[in-house]
Amino acid sequence: MYRKELFVFDHDKTVPAVIRNYEEKDFPGLIRVQQESFPPPFPSELWWNTEQMHNHVTMFPEGALCIEINGEIAGSMTGLLVDFDPKHPEHTWEEITDNGYIRNHNPNGNTLYVVDIGVSPSYRKLGLGKWLMFSMYEVVVHKGLERLLGGGRMPGYHKKECELTPEQYLEAVVKGELKDPVITFLLRCGRTPVQVVANYLEDEESHNYGTLMEWKNPFFPSKSKQKGD
């Protein structure tokens with residue numbers, strides 16, 4: 001199981017933090033984080049319920065991480081394993097995560113797929129989201145997986161929909177010409193775009209678009225090495 005103790009920073013002040021696997025006793029705190037992290041217009045039915053979280057901690061506990069500050073859960077990140085084919089990347093969030101219930105978790109999958117990441121707004125200045133992401137990268141390396149993958153919302157797109165296609169919007173964000181609250185964060189965490197997907201998730205701000213973004217395991221054997229070249 002995973003447990004990491006570290007310091008995060010509030011400006012120049014150090015703040016003790018713990019990243020660990022979440023458990024059933026943490027469910028009330030996790031639900032609170034969901035409510036604070038994804039306020040309307042984000043659909044409330046997409047917040048975690050206890051059945052979903054029970055599946056997370058029983059089917060793939062390695063992919064159920066939370067971060068604590070002074071004993072209070074300040075954020076969480078959840079994943080499952082899937083067998084991803086880069087030649088056929090199209091999917092919706094509901095399809096690939098079983099609508100958050102992860103009953104389709106594949107223990108032999110090649111990819112850790114991010115179901116969700118959220119940090120309570122009062123703690124976001126501490127950079128906890130990035131630490132959760134880095135910790136999940138460590139899970140990818142530990143399990144010898146090929147990549148971490150997930151679909152990022154594009155909440156800034158609704159401001160530019162009349163000017164840019166989703167692909168043009170993504171390109172502008174990657175170039176630094178625009179800043180998106182989610183995509184820019186994922187880029188700063190080392191994720192790289194795979195492609196834009198229509199109807200990825202019901203999300204008014206993103207006009208239901210999502211950007212698949214991956215982090216490739218640098219220790220995973222390349223195809224040439226696998227073939228003995």
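The values are calculated or read from the model by the stated rules, or taken from the named source; none is laboratory data. Here the structure is a predicted model, which means the values were calculated and not measured. All Cβ positions, glycine included, derive from the backbone under ideal geometry; neighbour counts span all protein chains shown.
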- Please work out if Asp229 is touching a helix residue (DSSP H, G or I) at 6+ places or on another chain (Cβ under 9 Å), surrounded by fewer than 16 Cβ atoms within 10 Å (Cβ to Cβ) and either over 25 Å from Val82 (Cα atoms) or at pLDDT below 95 (or both). yes
- Message: If I filter the range 12-23 down to residues being in contact (Cβ under 8 Å) with a residue 60 or more places away in the chain and either over 18 Å from the mean Cα position of the chain (by Cα) or assigned to a helix (DSSP H, G or I) (or both), which single residue comes out as farthest from Ala74 (Cα to Cα)?
- Response: Val15
- Query: Restricting the range 24-54 to residues that are outside any helix (DSSP H, G or I) and free of Cβ contacts under 8 Å to residues at least 24 places away in the same chain, which is farthest from the chain's Cα centre (by Cα)?
  - Reply: Pro40
- Of the candidates Val57, Val114, the one satisfying the condition of being in contact (Cβ under 8 Å) with a residue 24 or more places away in the chain, within 19 Å of Pro28 (Cβ to Cβ) and touching a strand residue (DSSP E or B) at 6+ places or on another chain (Cβ under 6 Å) is Val57
- Message: Can you find a residue that is more than 25 Å from Pro181 (Cβ to Cβ) and among the β-branched types (Val, Ile, Thr) anywhere in the range 29-51?
- Response: yes
- Subset of the range 82-93, residues touching a residue at least 24 places away in the same chain (Cβ under 8 Å) and either closer than 19 Å to Trp48 by Cα or assigned to a loop (DSSP other than H, G, I, E, B) (or both), comes to Asp83, Phe84, Pro86, Pro89, Glu90, His91, Thr92, Trp93
- Is it the case that some residue within the range 124-134 is in contact with a Leu (Cβ under 8 Å, 6 or more places away or on another chain), in a strand (DSSP E or B) and surrounded by 21 or more Cβ atoms within 10 Å (Cβ to Cβ)? no
- Taking the range 86-101 and keeping only residues that are of a type outside the set (Lys, Arg) and closer than 19 Å to Glu146 by Cβ, one is left with Pro86, His88, Pro89, Glu90, His91, Ile96, Thr97
- Picking from Glu202, Glu146, Glu214, which residue would you name as being closer than 27 Å to Asn55 by Cβ and at pLDDT below 95? Glu202
- Query: Out of (1) surrounded by fewer than 21 Cβ atoms within 10 Å (Cβ to Cβ); (2) over 20 Å from Leu46 (Cα atoms); (3) not charged (D, E, K, R), the odd one out for Thr111 is which?
  - Reply: (1)
- Please give the helices (runs of 4 or more DSSP H) falling wholly within the range 146-229 in which 1 or more residues are farther than 30 Å from Pro107 by Cβ, touching a Phe, Trp or Tyr at 6+ places or on another chain (Cβ under 7 Å) and in contact (Cβ under 8 Å) with a residue 24 or more places away in the chain. 166-175
- Task: Taking Ser44 as the residue in question, decide whether it is surrounded by fewer than 20 Cβ atoms within 10 Å (Cβ to Cβ) and closer than 26 Å to Arg153 by Cβ.
- Result: yes
